[in-house]
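Take a look at the structure set out below.
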Amino acid sequence: MTSRPVIGISTFLLDAAWGRWDSMRSVLLPERYPALFQQVGGIAVMLPPDAPEHAAAAVARLDGLVIAGGEDVSPALYGEPAHPETLADAPERDLWEAALIRVALAAGTPLLGICRGMQLLNVVCGGSLIQHLPDVVGPDLEHRGTRTGYNRHAIHPVPGTLLAGLLPEPSVTVPTNHHQAVARLGEGLTVCAHAADGTVEAVEGPGFALGVQWHPEQGEDLRVARALVHATRPAPVPAG
C-alpha cells in the first residue's frame, strides 16, 4: 500500500480569541489549507515559525512543503522602504519561511507557494515585489478580495511551462485576494501565468517549485494541489 506523503504547511503566529481566552498567542492556519491537501491524498502538518537554523531538519522530515498566504513580506528583505499600504508585521514568519524555501530548493523537495508564499519565493530567489498593485494597474483592482471573501478572475498559463501542463486551458478562473505582486523576477524562476492586466500570477523553478498568486484552497480546482502530492512520489524505474 502506498503511504500518504507528509505535506508541511507554514502558519500564522498571532493573538487569537476563543472560549474563555480574549487574547492568546497562537499558531493558526485556515482550515481549508490542510483540508485541500488531505483531499488529494496527503497528510497535512502545521509548521509554526521556528529558528531559521532548524529549517533543514524540518524539511528533511517532509515529503512536500507549502508556504501559505498571509501578511505582506517585509520589503527590507528585498532592500526597499515600506509603501504606506504595506502591512508587514510578521518578522518571525518571514525569516522562518525564507529558510524553509531555501532548504526545499536546495534539497529538491516539492514546493508550492500560495499568494504570499509565491511572493516570498520570488524574494528568496533575489526578486522584488510591487508593493501596491493599484499604483501600477489602476484602482479598479480585480485582484483584491471583497468585503465578504475572495474575488475571482482569469489567469492565463504560459504554454510550455509546468503550470500549463497542469492547467492546459488558455484561461482559468481562480480565487484571489492580494494587493502585491512580482516586480523583478527572481533568479532561476520562470513566469508561468499572467492576468489580463499583465500581473504575474505564477512562477516556477527547477523540479517542482511552483508559486501561484491565487488561493487554490479557496476553490474547487484540485489540480495544483494534486500535482504537489504527485511530485512527492519517486518516478517508477523502467524495467530492464
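Tell me, please, whether a residue that is over 21 Å from Phe37 (Cα atoms) and touching a Pro at 6+ places or on another chain (Cβ under 7 Å) can be found in the stretch 55-70. Looking through the stretch 55-70, none of the residues is over 21 Å from Phe37 (Cα atoms) and touching a Pro at 6+ places or on another chain (Cβ under 7 Å).
Among the criteria (1) open to solvent by less than 20 Å² (accessible area, probe 1.4 Å); (2) not in a loop (DSSP other than H, G, I, E, B), the one His230 does not fulfil is (1).
Are any of the residues in the stretch 138-147 of a type in the set (D, E, K, R), at pLDDT 95 or above and closer than 23 Å to Ser10 by Cβ? No: zero hits. The set of residues from the stretch 33-56 being open to solvent by 50 Å² or more (accessible area, probe 1.4 Å) and either free of Cβ contacts under 8 Å to residues at least 12 places away in the same chain or more than 22 Å from Phe208 (Cα to Cα) (or both) comprises Gln38, Pro48, Asp50, Pro52, Glu53, His54.
The single residue among Arg61, Arg20 that is farther than 22 Å from Val224 by Cβ, modelled with pLDDT under 95 and charged (D, E, K, R) turns out to be Arg20.
Which of the residues spanning the stretch 161-190 are part of a strand (DSSP E or B) and in contact with a Ser or Thr (Cβ under 9 Å, 6 or more places away or on another chain)?
Once the filter is applied, which keeps residues that are part of a strand (DSSP E or B) and in contact with a Ser or Thr (Cβ under 9 Å, 6 or more places away or on another chain), the stretch 161-190 yields Ala181, Val182, Thr190.
If you check Arg61, Arg20 for being touching a residue at least 40 places away in the same chain (Cβ under 8 Å) and either basic (Lys, Arg) or open to solvent by 60 Å² or more (accessible area, probe 1.4 Å) (or both), only one passes: Arg61.
For the stretch 46-91, name all the residues that are part of a helix (DSSP H, G or I) and among the small types (Gly, Ala, Ser). Hits for the stretch 46-91 are Ala55, Ala56, Ala57, Ala58, Ala60, Ala76. Within the stretch 28-62, being aromatic (Phe, Trp, Tyr) and out of contact with any Asp or Glu (no Cβ under 7 Å at 6 or more places or on another chain) holds for one residue alone: Phe37. From the list Gly188, Gly165, the lone residue that is open to solvent by 40 Å² or more (accessible area, probe 1.4 Å) and closer than 22 Å to Gly42 by Cα is Gly165.
The single condition from (1) modelled with pLDDT of 95 or more; (2) touching a Cys at 6+ places or on another chain (Cβ under 6 Å) that Arg102 fails is (2). Could you tell me which residue of the stretch 95-145 is farthest from the chain's Cα centre (by Cα), considering only residues that are buried (at least 22 other Cβ atoms within 10 Å of the Cβ) and among the charged types (D, E, K, R)? Of everything passing the filter in the stretch 95-145, Glu97 is farthest from the chain's Cα centre (by Cα). Residue by residue through the stretch 191-200, note down the ones that are out of contact with any helix residue (DSSP H, G or I) (no Cβ under 9 Å at 6 or more places or on another chain) and either assigned to a strand (DSSP E or B) or open to solvent by less than 10 Å² (accessible area, probe 1.4 Å) (or both). Within the stretch 191-200, Val191, His194 meet the criteria. Within the stretch 23-32, the set of residues being more than 21 Å from Tyr150 (Cα to Cα), of a type outside the set (Lys, Arg) and either touching a residue at least 12 places away in the same chain (Cβ under 8 Å) or touching a Cys at 6+ places or on another chain (Cβ under 8 Å) (or both) comprises Ser26, Val27.
The values are calculated or read from the model by the stated rules, or taken from the named source; none is laboratory data. None of these values were measured; they are calculated from a predicted model. Glycine gets a Cβ as well: all are built from the backbone with ideal geometry, and neighbour counts include every protein chain shown. Quick note on the areas: whole protein, heavy atoms, side chains included, nothing else; ligands and nucleic acids left out. Shrake-Rupley method; radii C 1.70, N 1.55, O 1.52, S 1.80 Å.
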